[in-house]
Every structure is written in structure tokens, then in C-alpha cells.
1. Using the Karplus curve 6.51 cos²θ - 1.76 cosθ + 1.60 with θ = phi - 60°, work out ³J(HN,Hα) for each residue of the range 69-86 in order, rounded to whole Hz, and write x for Gly and Pro.
2. Among I186, L147, T35, pick out the residue whose Cα is farthest towards the positive end of the charge dipole of the chain, where Lys and Arg carry +1 and Asp and Glu carry -1 on C-beta, about the Cα centre.
3. How would you rank Y37, Y181, going from fewest to most other Cβ atoms within 10 Å of each one's own Cβ?
4. Order of F196, F161, F43 from fewest to most other C-beta atoms within 10 Å?
5. What distance in nm separates the two pseudo spin-label positions at I14 and Q211, each 7 Å out from Cα along the beta-carbon direction?
6. Dipole size in debye (nearest 20) for the range 31-225 around its Cα centre, Lys and Arg Cβ +1, Asp and Glu Cβ -1?
7. When the expected Rg is taken as 2.2 N^0.38 Å, what fraction or multiple of it is the alpha-carbon Rg of the range 1-117?
8. Calculate, in nm to one decimal, what F88 and L39 gain on full extension: separation in residues at 0.36 nm each, minus their alpha carbon distance.
Amino acid sequence: MLFRLQFIALRILILFFGISIVWVLILKFLPVWITPYMLSCKFNAFKEDEDTEIHQDWEPYENISKEVALAVVASEDQNFPKHWGFDFDQIYNAVTEKRKRARGASTISQQVAKNVFLWHGRSLIRKGLEAYFTILIEVIWDKERILEVYLNVAEMGKMTFGVEAASLRYYKKSAKKLSRYEAARIAAVLPNPIRFSIKNPSSYVNKRTGQIVRQMRALGGQKYIADL
């Protein structure tokens, strides 16, 4: 009986690895129109009797202003072009710093793994799967593809996902035409796009926008992400 259970568990494990690898391979080429998190937001809106429409408009990387790409790297993950999915320096700082509020250390790659393939939560199982999918996309995709997917699926407002949808809703123009300051404001709300607003920025968002603009300049501008 024990041998049979071990055999079944091994088959399930092999099947999981096979499906996950094929899944990541397919999404290397196809647009990501929907994610588990988008579906959960839609379900929660339905339960609360709110508008369930999801605003998301996939755009390829070349049709998105590189100021936006630079802004999210500057604000969320400045070592993105250099690391292999995990920024261990930031993880160490997050663990060792004494702060009232826990500091986030997730890279853009980790956020893509979580948003595209998993559910949101704090369980060890979810974190383990996040690490696994982070490694997969770092191996199978390139950095430009990871950033392209992030820019298209990241939550940027209530029921609003991706920079094109956010730009059309809040700036009334395509993401390809965003200025540096407009791009920085989008990046400024990413830590909590429900609490913070692109359309009606608080003093905190305006302050953070200015900080991101200075960080973008300090990184050397768009050339910092030119060779992803």
C-alpha cells in the first residue's frame, strides 16, 4: 500500500511538472488575457454587488512607453536586469530591518509568477510555488517578456489591470504616449492600487512620483533597460 501511494504521488508530481512547464512555454508567446487574480477580483465584485467589468487591454512591449517600463523597474525592482528572479540583498534587508510595517522584497519576476499562475495569499505552499514559477519564467522567458507580462497584468486601479487599460482610463491616451511623470505616477500607486489613485493622487502619491522620477534619472534613463 505504501509503495502504491508513493507511486501515485510520483505520477502526480511528474504530471504537475509537465503541465507547469508546458503552461509557461505557451505563455512565452501568447498574450495573458486573464489571470487567477483577475478572476478572484471579478468574483469578489460580484459578491459585493459591484461592477464586475475587468479593464485590461494587452499591448506588446514595443507599443508601451519605455518610460513606464523604466518607472516600474525604478520603483519596484532596480536590480531586475541583473538578477535571476530573486534579489537576495533586498530579501536580507527586509528580514533584518526593524520596521513597524513589513518591507516587501518581491521582484518583478516573483510578482509575475504570483499574478499569472497563482492565487494571492501568505501560505508557505503559495510561496513555494511562487519560487518554482519564478525560476521557470526566468529560465524559459527572457527579461523583456517578463517585463511585458508584468506591464499587462499588474493591478493599477480598481478592476484595472495593465498599463494600457490604466492609461486609457486615467490619462485618456495610449500607454505608448505616456510622459516620464505620468509613467512615474502609475508606478507610484503599485504598492496599493486600490488605496492610491492615479486619477486623484494624494500628497503621498505625488511625493513618491517625484522620487521615482529622480530614481529613473539616476539609473541613466531608458538605456538602463535597453538590453533586456
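Every number here is computed from the coordinates shown, using simple stated rules; none is lab data. Just so we're clear, the structure is a prediction, and the values are computed from it rather than from any experiment. Cβ placement follows ideal geometry from the backbone for every residue including glycine, while neighbour counts extend to all protein chains displayed.
1. For the range 69-86, the Karplus curve yields 4, 5, 4, 6, 5, 4, 8, 9, 6, 5, 8, 3, x, 10, 8, 10, x, 10 Hz.
2. It is I186.
3. Details: Y37 18, Y181 14.
By the 10 Å Cβ count, ascending: Y181, Y37.
4. F43, F196, F161
5. Here the answer is 5.1 nm between the modelled labels.
6. 900
7. So the Cα radius of gyration is 1.44 times the expected 2.2 N^0.38 Å.
8. Here the answer is 14.5 nm.
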